[in-house]
1. Quick one: 38, 87, fewest Cβ neighbours within 10 Å first, how do they rank?
2. Taking Cα pairs under 8 Å and at least six residues apart, what relative contact order does the range 27-126 come out at, in percent?
3. Over 23 Å, how big is the tail of the calculated P(r) for the range 40-135, in percent of all Cα pairs?
4. Taking 0.36 nm per residue of separation and subtracting the Cα-Cα distance, what length does fully extending residue 128 through residue 103 add?
């Protein structure tokens, strides 16, 4: 069975005919998202090309807890800017671990690139620490 020359290849579904480095709007959106997360008490940094890594500093293990430092990743969530839909608009996507260690991460659409407040609210909810008391 032959494959048509225009058929997408495995692992290329995320490719964009206009690479992110030629579409600079993601940089400004990443800075806006980082600022919005900062207002919510989270820290965030650009994480590779077109990605932001958000962290809840209250979910990090204590610095004197060596086992915690080694074993606990803390409360962190990566989002990536990638084209989405037939119009290939830039969106933020959740990044989830693939089914195996060798799998590529799975991307789930979160929101349009410039829906910064919505994205920050959703990230804050995912990274929230809630206290519950015994009742």
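1. Numbers: 38 13, 87 6.
Placing the least packed residue first, the sequence is 87, 38.
2. Relative contact order of the range 27-126: 23 percent.
3. Value for the range 40-135 (Cα pairs over 23 Å): 35 percent.
4. Here the segment from residue 128 to residue 103 would lengthen by 6.2 nm.
Coordinate-derived values only; no laboratory data. What you see is a predicted model, and the numbers here were worked out from it, not measured in a lab. Reconstructed Cβ throughout: ideal geometry from the backbone, glycine too, with neighbour counts over all protein chains shown.
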